[in-house]
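Please treat every number below as a calculation from the coordinates, not as lab data. Quick caveat: nothing in here was measured; it's all calculated off a predicted structure. Glycine also receives a Cβ, built like all others from the backbone with ideal geometry; neighbour counts cover every protein chain displayed.
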Amino acid sequence: MKIQPNRLDRAYKLRQTEYEDAALRVLRSGQYILGDELKTFENELSAYIGTNHCAGLASGLDALTISLKLLGIGHCDEVIVQANTFIACIMSITKNNATPVFVEPDEYYNLDPTKIEAAITKRTKAILVVHLFGQASDMESIEATAKKHNLYIIEDCAQSAGAGQNKQVTGSFGDIGCFSFFPSKNLGGFGDGGAVTLNDPELAQRFRTYRNYGSNKKYHHETEGGNSRLDELQAALLRIRLRHLNEMTAERKTLCNRYLNEITNKQIIIPKIRKNSETVWHQFVIRTPQRDDLQKHLAENNIETIIHYPIPPHLSKAYKHLGYKEGSFPITEQYANTTLSLPLYIGMTEEEQSYVIDMINKFNK
Ligand SMILES: *Cc1c(COP(=O)(O)O)cnc(C)c1O
């Protein structure tokens with residue numbers, strides 16, 4: 001048996017006619033950019049998340065970058081962000097000429113709320129909270145700290161669509177929630193896409209103006225802007241994904257409960273879930289000091305796995321100029337050296353998962 005980390009074709013085949021009908025409807029409509037599908041999707045997503053507004057954008061990176069920009073964060077400003085995140089988060093900060101201030105993660109792989117205060121300076125403007133691997137961060141503590149120091153909260157929900165804490169859904173806690181619809185995300189489309197969710201109507205309008213060259217009326221440009229529109233085809237397909245998101249999350253939960261219950265190898269540390277937090281299981285991330293040997297053992301048995309993420313941003317070549325070195329963020333570096341994401345996807349068969357579990361339990365090094 002051959003197992004891949006992800007099989008996007010399975011989720012497609014499960015609802016093939018629904019996707020194809022929607023795609024055909026858009027193709028035949030003659031309306032491909034900024035039409036009714038986008039408006040409807042924005043209304044449906046904001047209703048699902050529990051915010052008053054949503055604006056579709058071209059990617060998750062754009063959602064983060066434009067958010068910081070519209071909040072006025074730039075040169076000389078600092079943004080607090082967890083050190084063990086995907087590099088897009090850091091790029092959204094540096095693309096605005098602001099400075100990322102890294103904070104170590106907690107045992108749930110999310111921003112450690114007890115370490116935020118020590119990182120705050122008079123230049124700090126915002127906390128960028130990443131709900132990594134699908135689990136909601138400790139928003140109660142983070143909100144209290146942000147309020148005390150008058151900081152914006154931007155949530156990165158690229159991996160956490162539908163995850164909640166105390167019955168509130170991620171993307172509705174902070175000033176702005178940022179989403180990516182990259183195909184592998186829980187709410188993934190069939191190409192690139194992104195969105196923001198928020199309550200402030202004026203700010204929502206500024207996103208809509210910005211994404212279309214600073215224009216609300218054709219060839220009337222109120223501000224400088226960019227091209228960051230979510231197209232009609234993606235919006236129509238994402239409406240289907242959103243309609244089935246809870247079912248897809250339930251399937252991921254079933255798969256992950258099996259991993260949690262049936263991985264019995266004592267060398268493996270299985271993921272933990274914070275009390276009152278929920279996870280939508282974007283990834284099932286295990287940890288072991290023998291990670292490289294385990295990955296090799298699985299590969300030899302035709303099971304492909306991925307590491308999220310092998311090089312933390314502070315050690316990435318792209319951020320060499322920030323001046324960090326090995327040892328700057330020991331917990332983050334330890335995670336980078338010991339974590340492994342197991343195969344997980346909609347439509348994973350019982351037989352496939354049994355094989356993965358069996359091979360993990362047989363690992364002995
Ligand atoms: C995928 C991802 C992004 C970037 O999204 P794109 O749509 O690829 O630009 C940002 N943050 C996190 C946590 C992600 O997983």
| So which of LYS115/LYS275; LYS148/LYS317; LYS115/LYS362; LYS147/LYS275; LYS69/LYS115 end up more than 28 Å apart, counting from Cα to Cα? | LYS148/LYS317; LYS115/LYS362
| Exposed GluC sites (Glu not before Pro) absent - longest run of the chain, DSSP non-H/G/I/E/B, at most 10 other C-beta within 10 Å | 1-223
| remark: The whole-number value in µm²/s of the Stokes-Einstein translational diffusion coefficient for the chain, with Rh from the Kirkwood sum over alpha carbon pairs at 20 °C and 1.002 mPa s, is 101 µm²/s
| message | Only sites in a loop by DSSP and with at most 10 other Cβ atoms within 10 Å count here; which chymotrypsin sites (Phe, Trp or Tyr not before Pro) in the range 255-353 make the cut? | response | none
| task | Whole Å is fine, so just give me how far the alpha carbon centre of the range 170-196 lies from that of the range 204-243. | result | 15 Å
| What is the Cα radius of gyration of the range 286-332 over 2.2 N^0.38 Å, N being its residue count? | 1.46
| query | Which of ALA299, ILE116, SER184 sits farthest toward the positive end of the charge dipole of the chain, with +1 on the Cβ of Lys and Arg and -1 on the Cβ of Asp and Glu? | reply | ILE116
| request: Mind checking the range 209-298 for trypsin sites (Lys or Arg not before Pro) that DSSP puts in a loop (not H, G, I, E or B) and that have at most 10 other Cβ atoms within 10 Å? | output: LYS218, LYS266, LYS275
| query | Once every DSSP H run of n ≥ 4 in the chain is given -39500 (n - 2.57) and the sum is divided by its residues, what mean residue ellipticity at 222 nm do you get, rounded to the nearest 500 deg cm²/dmol? | reply | -11500 deg cm²/dmol
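What trypsin sites (Lys or Arg not before Pro) does the range 135-189 have in DSSP loop regions with at most 10 other beta carbons within 10 Å?
Those that pass, being in a loop and sparsely packed, are LYS167.
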| Where only C-alpha atoms are counted, convex hull volume of the range 245-362 per residue in Å³ | 142 Å³
